[in-house]
1. In the set Thr79, Thr63, Thr2, which member is polar (S, T, N, Q) and surrounded by 14 or more Cβ atoms within 10 Å (Cβ to Cβ)?
2. Quick check on the range 87-106. Is at least one of its residues acidic (Asp, Glu), surrounded by 15 or more Cβ atoms within 10 Å (Cβ to Cβ), touching a residue at least 60 places away in the same chain (Cβ under 8 Å) and not in a loop (DSSP other than H, G, I, E, B)?
3. Can we say Ala19 is more than 22 Å from Met3 (Cα to Cα), aliphatic (A, V, I, L, M) and at pLDDT 95 or above?
4. So, Thr38, is that one in contact with a Phe, Trp or Tyr (Cβ under 8 Å, 6 or more places away or on another chain), free of Cβ contacts under 8 Å to residues at least 24 places away in the same chain and closer than 20 Å to Thr85 by Cβ or not?
5. Any residue in the range 28-48 that is crowded, with 16+ Cβ neighbours inside 10 Å, within 17 Å of Arg104 (Cα to Cα) and not hydroxyl-bearing (Ser, Thr, Tyr)?
6. Looking for something among the aliphatic types (A, V, I, L, M) and not in a strand (DSSP E or B) - is there at least one such residue anywhere in the range 39-59?
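The values are calculated or read from the model by the stated rules, or taken from the named source; none is laboratory data. The model shown is predicted, which means the values in this text are computed figures rather than measured ones. Heads up, the Cβs are rebuilt from the backbone with ideal geometry, glycines too, and the neighbour counts pull from every protein chain shown.
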Amino acid sequence: MTMVDGRYAATASHSHLFAGATIAVEGASGLVDGGTLTEPIGLRITFADGATANAELLVQVDTDEAAVEVDAYVTAAGTALPARTWRIVNAARRDSVAELRVGRRLGTSAT
């Protein structure tokens, strides 16, 4: 498994998250069972522009629901993004990687 400061190393498909974006968590394919996540973990996300942020992958095992809570960070272009929580709508195994598909942002009506 690939760890950064005690967190799983993860890579986002874009410079920020939105519905449809993906997060690839290296060395964490064992956390995916039949399309659902099995336990919460800490992440260190590197976005496509090189910016990084700490995050927590939250899992409600009894309902198969998951979300990722991302700390505030600044994009490489200098845009400050506040802390946000996003629903995870799909989890899949790809070799040693857990690939997470982001859904709507929680706490708002935005997608």
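1. Thr2
2. Yes - at least one qualifying residue is present in the range 87-106.
3. yes
4. no
5. no
6. Scanning the range 39-59, I find at least one residue that is among the aliphatic types (A, V, I, L, M) and not in a strand (DSSP E or B), so the answer is yes.
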